[in-house]
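Structure first, then comments.
The values are calculated or read from the model by the stated rules, or taken from the named source; none is laboratory data. From a predicted model like this one, the values you see are computed outputs, not experimental measurements. Ideal geometry is used to build each Cβ from the backbone, glycine not excepted, and the neighbour counts take in all protein chains shown. Just the protein is used for accessible areas: all its heavy atoms, side chains included, with ligands, DNA and RNA removed. Shrake-Rupley method; radii C 1.70, N 1.55, O 1.52, S 1.80 Å.
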Amino acid sequence: MSDCIFCKIANKEINSQFIFEDDQVVAFRDMNPQAPQHILIIPKKHFANILEVTDKELAAHILVDVIPEIAKILGVDETGFRLVVNTGKEGGQTVEHLHFHLLGGRSMQWPPG
Ligand code: DGP
């Protein structure tokens, strides 16, 4: 998607510091952090949201491989963290490229608001 900001970040058209990268996924710090550790994990391939994902291998790779590795990199694998996937208008999604928010470094509250 040529006008997608996260595609531009993943394609390195916009200079960003990745805390993780492999052939399918990149992760970088949210520009508006809601916790001491607030990372966005995105597939390089464009999917508008989690309902649009068709690649089961990619979904499993993110959940089984990438998220645990990033949790370790951030040092929140022992303390815990929150994973958020805002979806659609009422879900509070503002960027229409699938992204997982990984939030950590403080105690989270519930309900999230
Ligand atoms: P959501 O509301 O779930 O769609 O979250 C989108 C998040 O993306 C929001 O917390 C702000 C962040 N964000 C938007 N544009 C950029 C950007 O260009 N760089 C970075 N690092 N974060 C961005």
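For the stretch 1-57, a residue qualifies if it is among the β-branched types (Val, Ile, Thr), more than 9 Å from the ligand (Cβ to nearest atom), under 18 Å from Asn86 (Cβ atoms) and open to solvent by 50 Å² or more (accessible area, probe 1.4 Å), and exactly one does: Ile50.
For the stretch 63-111, how many residues meet the condition of being in a loop (DSSP other than H, G, I, E, B), closer than 21 Å to Ile50 by Cβ and open to solvent by 90 Å² or more (accessible area, probe 1.4 Å)?
Step one: list which residues in the stretch 63-111 are in a loop (DSSP other than H, G, I, E, B), which gives 75-80, 85-99, 105-111.
When the remaining residues are screened for being closer than 21 Å to Ile50 by Cβ, the result is 85-99, 108, 110-111.
Cutting the leftovers down to open to solvent by 90 Å² or more (accessible area, probe 1.4 Å) gives us 89-90, 94, 96, 110-111.
Looking only at that region, the number is 6.
The residue pairs whose first member lies in the stretch 85-113 and is more than 18 Å from Ala35 (Cα to Cα), whose second member is at pLDDT below 95 and surrounded by fewer than 17 Cβ atoms within 10 Å (Cβ to Cβ), and whose beta carbons are closer than 8 Å, counting only pairs six or more residues apart or on different chains, are His97/Met1.
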